[in-house]
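The values are calculated or read from the model by the stated rules, or taken from the named source; none is laboratory data. A quick note: this is a predicted structure, and the numbers were derived from the prediction, not measured. As a convention, Cβ positions derive from the backbone with ideal geometry for all residues, glycine included, and neighbour counts pool all protein chains shown. All accessible areas refer to the heavy atoms of the entire protein, side chains included, with ligands and DNA or RNA removed. Shrake-Rupley method; radii C 1.70, N 1.55, O 1.52, S 1.80 Å.
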Amino acid sequence: MFGIGLPTIVGGLTWSALLSLMGIGITLLYRTTKVPNFAHASFVTTGVYASFTLSLLGFHPYWGILAGFILTGLEALLLFYSILEPLRRRKSSVFILMIGTLAFDILFYGILNIYADYLQTVFKASARAVYLAPKDFSIMGIPGIMFMSLGMLVISVLGLYLLLNRTTVGIALKACMENTALAQTIGVNVSLMLMLSWFIAGGIAGISGALLPMYIETSPDIGVLLVAEMFCVSILGGLEQVYGAPLGGFLMGFAEVVLTSWLASEVGPWIISYTPLLPLGAMALTLIFIPKGLATIKIRRREG
Amino acid sequence: MLKVKNLNSGYGKLHVLYDVSLECEKGEIISVIGPNGAGKTTLLNSIFGIANIYSGSITIDGKETTRLPAYVISRMGVAYVLQMLNVFAQLTVEENLRISAAYSKVKDINKATEKIYEIFPILRERKKQLVGTLSGGERQMLAISIGLIRNPKILLLDEPTAGLMPLYVKMIANKIKEIRDMRGISIILVEQNVQKALELANKVYVLVSGQIIFKGSPSELKEKHEIMKLYLGVGE
Amino acid sequence: MSVWSDIILFTVDLLALFGVYLIINISLNIQRGFAGIPNFGLMFAIAGGAYITGAVATRLALVMLGMHTNLDPIFDNIPVLSKVDPLLQSQSLTSIALMIILLIIGAIFGAILGLIQLGPAIRLREDYLAITLLAFAEMINVIAVAYKPFIGGITGVQVPDVFAWSGEYRFYIATAAILVVAAISYVYAEFLGRSPLGRTMKAIRENEVAAMALGKNLVKYRAIAMVIGSAFCGMAGVLWTLYGDTVTPTYHRFYWTFLPWLMVLLGGLGNNKGALLGTLVFTVLDKLIIYYKHSLAGMLPFDVVWLDQVLLGLITAIILIYRPQGLLEEKPYVPKELEAKLKSIEKK
């Protein structure tokens, strides 16, 4: 098939699922708190070090999924309570909230680097080049990370869907997304709902981070390197649409892995060094021409 | 029931209300009228804990509620129907009602929903529809229902008839009376439509530039030609 | 004696960093503080200025010195410079002229990049716009790394040393050059803030609808702010490259976008004194941490530079929460004759 091998497809699926997991949280937070969360970078990195630490302690890295979910969820709560709630109470603008998430991200970037240095000096572990794929299982030659990442994506999306449509808390959360003032008047504790959304979004970012070193080599910089791409996924899918992120994730993941590999064989390998332009360009163009994201195009057609 | 005493409030540095006092007994309809920008909505916001209160006190059944967060006041039996954006457009009619009931003291949500449909039969027909598809009048009925389903002691209504067709204005007005008679709840009604406000109210407060300049029955107010003409634009 | 020279070196290095950041922060102040553009892509024009210097400086020097060579100024960078630099060292006037021409090129290139950023700037909401501009800025690095003939790919290029003529005073002169441009940009921004143009920008920032109702063309004023700001950023990139006489495509949004933002927020948005103060506090802090890094090294099980980030994040969060207006609050500028009029009205 166009000279694209199975490993490329597997890689494309894995990367798409990982990107989707990163994007979901950004979209969810944008819907609830209206803030583009720059701290998603350190959320993901925290997940990476959750599974790395566990593997150092002798556990299988996949236990990091659980640890990453909880740890990063708590980290998100810390951001919410220490910075965002005080700012929200001051009625700060969205832009200031965004700078707040950025400040938190810089702070945690420092902390994660200190932690990595610490692991390096104390455990003599290669904490600045974390790659755990050798510990992965495989089914019929296909690396386990593909099944795990797709599985976690399905679980996250399904869980989110059930929460938002089948539970009272979820419907209240949806109510908060639409109109916080009105949600308040019907007795919903908005701050509690936002807290919930931060825990979930942070947790899912932690899951993606925990899975990441099974697929690529990571370092304390990984979140910072990927954050523009995470935004791209979320924006491409549509910030107004909770389930848009997987759409953006698969488009971007396949474009980056499969399309690039095809282009490299057709046009020449020099094109690979231009790959990072893909998400950035796609994001800029989406924002300029369809700022509400691809997911809205479908809806427009249905209505019309 | 509800007592507001010497209230000074506003938003941040913007002082809106000056020494406002107001009392509302059980089963009463109180109309607050006054020109644009007089602070009518701010009064409701203050009672509901959204505005900043600088001094004064608000009590409900003797319990101090000044500076409590809005959701707590709401759970104490105060329902607030906002003037704008007062329904969740992305939820269905039924979801709107159920979510409101779920965060109140109402136990049997199904029964409460049924009762609402008896008052506003049109909502039953629309119950599976997304609220974004409803007409303005239907939305207003739903907005009141969202407040009503919570079985409140006090209902705060911010211009429920603004921008509606005359037919709906009449209907909503009748419903407001009906609700009071049926449930014995107190209603604080902020209105631009002076005629309607006087027709419904047991007591009227006239609010001008953040101060109460008149308090009394509707018939007493009609005698005060000065106020009627100057501030409310009614009269010869 | 050595302590004394240490302090002097420290100060000179500090002043150079301070000067470059001051230019950038003044530019940010014009864009965000005056015109309300949330430029999260400051790095675009800064890196643009730096990379264009890398791309043209050696070629330009060859032309100005009247030299001919078959070697490529980018790919055979070192051999070419080994011929250019000694000649340039003996010609101070040519060196200065080269620097000024490079500054002009950097400003023009920066302004062009600003115009490119303007596409999204006039049609997007604040938060979307910030992210779009950030994406734009990242792209210039991708291109600079991938397209080798530009500045030689990831390894970068050296540029002719335009300060070599000053011999042992090289770094003093280079720092002085940076400070001169910084002073010019500061004075210009002060002047702009008081001019009708600057006041119109601020009016737009405060209330777009009201400004439009007064017949102000939003797009035009935003474009002006963007172009002026980006031109300054371009010059900052040129100066920083000439100061270190080398450039690599590793300009990072942390240092060249986020830090300027934090500095301006620290000082107080919309006022130049605030930008000045914020820049000073930050650069001194940064340099002190690096300076004391060596004495702390070995005592802690991690690299001390990371404390820099921790501190930075903390300070910013504290400022946002407890002093959102920054250290110095923006004061509205009232022209003298208007002030007199207002006073006479008050008296009546």
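Structure summary
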| item | result |
| --- | --- |
| Qualifying position, being assigned by TED's automatic domain parsing to the domain that holds residue B:51, touching a residue at least 24 places away in the same chain (Cβ under 8 Å) and buried (at least 19 other Cβ atoms within 10 Å of the Cβ), among B:201, B:173 | B:201 |
| Residue B:130 within 14 Å of chain A (Cβ to nearest Cβ) and surrounded by 17 or more Cβ atoms within 10 Å (Cβ to Cβ) | no |
| Test: residue in the stretch A:39-46 that is in a helix (DSSP H, G or I), farther than 18 Å from residue A:198 by Cα and aliphatic (A, V, I, L, M) | no |
| Candidate set from the stretch A:68-106 (those that are among the small types (Gly, Ala, Ser) and within 16 Å of the chain's Cα centre (by Cα)); member that is surrounded by the fewest Cβ atoms within 10 Å (Cβ to Cβ) | A:73 |
| In the stretch A:195-220, residue surrounded by the fewest Cβ atoms within 10 Å (Cβ to Cβ) [restricted to those that are among the aromatic types (Phe, Trp, Tyr) and assigned to a helix (DSSP H, G or I)] | A:199 |
| Residues that are under 18 Å from residue C:117 (Cα atoms) and outside any helix (DSSP H, G or I), drawn from the stretch A:254-291 | A:290, A:291 |
| Residue within the stretch C:36-50 that is among the β-branched types (Val, Ile, Thr) and closer than 30 Å to residue A:94 by Cα present | yes |
| Flag if residue C:177 is open to solvent by less than 40 Å² (accessible area, probe 1.4 Å), in a helix (DSSP H, G or I) and closer than 25 Å to residue C:279 by Cα | yes |
| Of all residues in the stretch C:84-100 being surrounded by fewer than 16 Cβ atoms within 10 Å (Cβ to Cβ) and of a type in the set (Val, Ile, Thr), the one that is nearest to residue C:53 (Cα to Cα) | C:100 |
| Residues located in the stretch C:278-298, provided they are hydrophobic (A, V, I, L, M, F, W, C) and at pLDDT 75 or above | C:280, C:281, C:282, C:284, C:285, C:288, C:289, C:290 |
| Within the stretch A:236-251, considering residues that are open to solvent by 10 Å² or more (accessible area, probe 1.4 Å) and among the aliphatic types (A, V, I, L, M), the one farthest from residue A:279 (Cα to Cα) | A:242 |
| The stretch A:129-173: number of residues that are open to solvent by 60 Å² or more (accessible area, probe 1.4 Å) and not in a helix (DSSP H, G or I) | 6 |
| Cβ pairs under 6 Å, 6+ apart, first in the stretch B:139-162 and within 12 Å of another protein chain (Cβ to nearest Cβ) and under 24 Å from residue B:195 (Cβ atoms), second assigned to a helix (DSSP H, G or I) and open to solvent by 10 Å² or more (accessible area, probe 1.4 Å) | B:158/B:41 |
| Selection count, the stretch B:125-138, where residues are in contact with a Phe, Trp or Tyr (Cβ under 9 Å, 6 or more places away or on another chain) and closer than 21 Å to residue B:103 by Cα | 2 |
| Candidate set: the stretch C:279-327, residues that are within 14 Å of chain A (Cβ to nearest Cβ), in contact (Cβ under 8 Å) with a residue 60 or more places away in the chain and part of a helix (DSSP H, G or I); chosen: the one least open to solvent (accessible area, probe 1.4 Å) | C:282 |
| Tally of residues being in contact with a Lys or Arg (Cβ under 6 Å, 6 or more places away or on another chain) and either more than 14 Å from residue B:49 (Cβ to Cβ) or more than 10 Å from chain B (Cβ to nearest Cβ) (or both) across the stretch A:175-203 | 1 |
| Filter result (under 21 Å from residue B:96 (Cβ atoms) and either in contact with an Asp or Glu (Cβ under 8 Å, 6 or more places away or on another chain) or at the interface with chain B (Cβ under 10 Å from one of its Cβ atoms) (or both)) within the stretch A:140-166 | A:165 |
| Which numbered condition residue B:89 fails, given (1) surrounded by 18 or more Cβ atoms within 10 Å (Cβ to Cβ); (2) at pLDDT 90 or above; (3) assigned to a loop (DSSP other than H, G, I, E, B) | (1) |
| Hits in the stretch C:202-249 (condition: touching a residue at least 24 places away in the same chain (Cβ under 8 Å) and in a loop (DSSP other than H, G, I, E, B)) | C:245, C:248, C:249 |
| Test: residue in the stretch B:99-119 that is over 14 Å from residue B:151 (Cβ atoms), among the hydroxyl-bearing types (Ser, Thr, Tyr), open to solvent by less than 40 Å² (accessible area, probe 1.4 Å) and within 14 Å of chain A (Cβ to nearest Cβ) | no |
| The stretch B:38-75 - residue that is in a loop (DSSP other than H, G, I, E, B) and in contact (Cβ under 8 Å) with a residue 24 or more places away in the chain and, of those, farthest from the other protein chains (Cβ to nearest Cβ) | B:38 |
| The stretch C:229-250, residues that are closer than 20 Å to residue C:115 by Cβ and open to solvent by less than 30 Å² (accessible area, probe 1.4 Å) | C:229, C:230, C:231, C:232, C:233, C:234, C:236, C:237, C:238 |
| Residue match in the stretch C:270-281 (condition: more than 22 Å from residue C:48 (Cα to Cα) and in contact with a strand residue (DSSP E or B) (Cβ under 7 Å, 6 or more places away or on another chain)) | no |
| Qualifying positions in the stretch B:11-27 - within 12 Å of residue B:46 (Cβ to Cβ), surrounded by 19 or more Cβ atoms within 10 Å (Cβ to Cβ) and out of contact with any Phe, Trp or Tyr (no Cβ under 7 Å at 6 or more places or on another chain) | B:16, B:17, B:20 |
| Options C:98, C:88, C:93, C:118; residue that is out of contact with any Gly (no Cβ under 8 Å at 6 or more places or on another chain) and within 14 Å of chain A (Cβ to nearest Cβ) | C:118 |
| Residue under evaluation residue C:70, criteria (1) open to solvent by 60 Å² or more (accessible area, probe 1.4 Å); (2) closer than 24 Å to residue C:237 by Cα; (3) free of Cβ contacts under 8 Å to residues at least 24 places away in the same chain, criterion not met | (2) |
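Each row is one residue, and each column tells you yes or no for (1) touching a residue at least 60 places away in the same chain (Cβ under 8 Å); (2) on the phi > 0 side of the Ramachandran plot; (3) among the β-branched types (Val, Ile, Thr).
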position: A:125; (1), (2), (3): yes, no, no
position: A:139; (1), (2), (3): no, no, yes
position: A:190; (1), (2), (3): no, no, yes
position: A:198; (1), (2), (3): yes, no, no
position: A:206; (1), (2), (3): yes, no, no
position: A:216; (1), (2), (3): yes, no, yes
